[in-house]
Amino acid sequence: MQRYAEPMARLIEELKKLPGVGSKSAQRYAFHLLRSTDEDAAALADAVRALKASLRLCSVCNNVTDVDPCAYCANPVRNQRLVCVVEEPTSIASVERTRGYAGVYHVLHGTLSPLHGVGPEQLRIGNLLDRVERGEVDEIIVATSPTLEGEATASWLAATLRRASASRATQPSAAQPSAALRITRIATGVPAGSDIEYADEVSMARSMEGRREL
């Protein structure tokens with residue numbers, strides 16, 4: 001016999017798909033929504049629909065945006081030749097809190113994780129490789145988290161970017177050859193095993209300032 005009425009059971013199952021939400025939390029959220037006014041429930045549903053309808057990925061950096069290119073890529077004040085690579089759009093806020101980074105970003109939307117079926121094909125890197133091959137980037141800061149997956153992704157990314165940079169160097173061009181691409185890794189100001197999304201601004205700033213060649 002089903003424990004809850006079908007609409008409630010369905011909502012609980014959908015809420016359980018959210019990150020960090022288990023059965024108990026899903027039930028609590030579902031009953032909270034049940035007790036909410038019709039206006040509040042409708043506002044939540046409209047916000048979700050608007051989110052899916054209005055937001056997209058920036059064609060340059062893969063950040064979530066409602067305009068293309070996003071505000072960072074379109075900002076003429078930012079250094080377009082300095083690119084910070086992060087795992088998720090939420091990681092950008094951690095770097096921005098340092099108030100010391102004036103470059104742009106590239107979002108991978110994940111890290112290499114064979115156990116979860118995430119390989120290089122699942123990471124969004126194609127548009128970054130295009131920028132490197134066109135000689136539009138001087139330095140790439142790899143700011144993946146200092147976890148096993150983040151470190152593996154950083155090593156793979158460095159090798160892939162070097163190949164793209166070498167390909168650019170061998171292409172015939174009338175223009176002067178650009179300087180060798182610099183690839184750096186954030187320092188250990190962010191504790192090992194943690195996610196940079198939760199790093200405080202001081203730790204993140206030290207990590208960016210102390211970055212090393214990768």
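The values are calculated or read from the model by the stated rules, or taken from the named source; none is laboratory data. Computed from a predicted model, the values in this text were never measured in an experiment. Positions of Cβ are generated from backbone atoms using ideal geometry, with glycine treated the same way; all protein chains shown enter the neighbour counts.
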Considering only residues that are among the acidic types (D, E) and surrounded by 10 or more Cβ atoms within 10 Å (Cβ to Cβ), which ones fall in the stretch 1-53? E13, E14, D40, D46
Please determine whether any residue of the stretch 114-121 is assigned to a helix (DSSP H, G or I), crowded, with 19+ Cβ neighbours inside 10 Å and not small (G, A, S). no
Kindly indicate the residue of the stretch 137-172 that is assigned to a loop (DSSP other than H, G, I, E, B) and modelled with pLDDT under 95 and also surrounded by the fewest Cβ atoms within 10 Å (Cβ to Cβ) among those meeting that condition. P172
Specify which of the listed residues (T111, T147) is among the hydroxyl-bearing types (S, T, Y), within 18 Å of the chain's Cα centre (by Cα) and within 15 Å of N62 (Cβ to Cβ). T111
Looking at (1) surrounded by 14 or more Cβ atoms within 10 Å (Cβ to Cβ); (2) in a helix (DSSP H, G or I); (3) at pLDDT below 95, which one does A93 not meet, given that it meets all the others? (1)
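Going residue by residue through the stretch 31-50, is there one that turns out to be farther than 23 Å from E151 by Cβ, assigned by TED's automatic domain parsing to the domain that holds E136 and out of contact with any Asp or Glu (no Cβ under 8 Å at 6 or more places or on another chain)? If you could, list the steps in order and put the result at the bottom.
Taking the stretch 31-50 first, the residues farther than 23 Å from E151 by Cβ are 31-50.
Among the residues that remain, those that are also assigned by TED's automatic domain parsing to the domain that holds E136 are: none.
No, the conditions are met nowhere in the stretch 31-50.
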Would you confirm whether or not the stretch 74-89 contains a residue that is closer than 22 Å to L128 by Cβ, exposed (fewer than 12 other Cβ atoms within 10 Å of the Cβ), touching a strand residue (DSSP E or B) at 6+ places or on another chain (Cβ under 8 Å) and free of Cβ contacts under 8 Å to residues at least 60 places away in the same chain? no
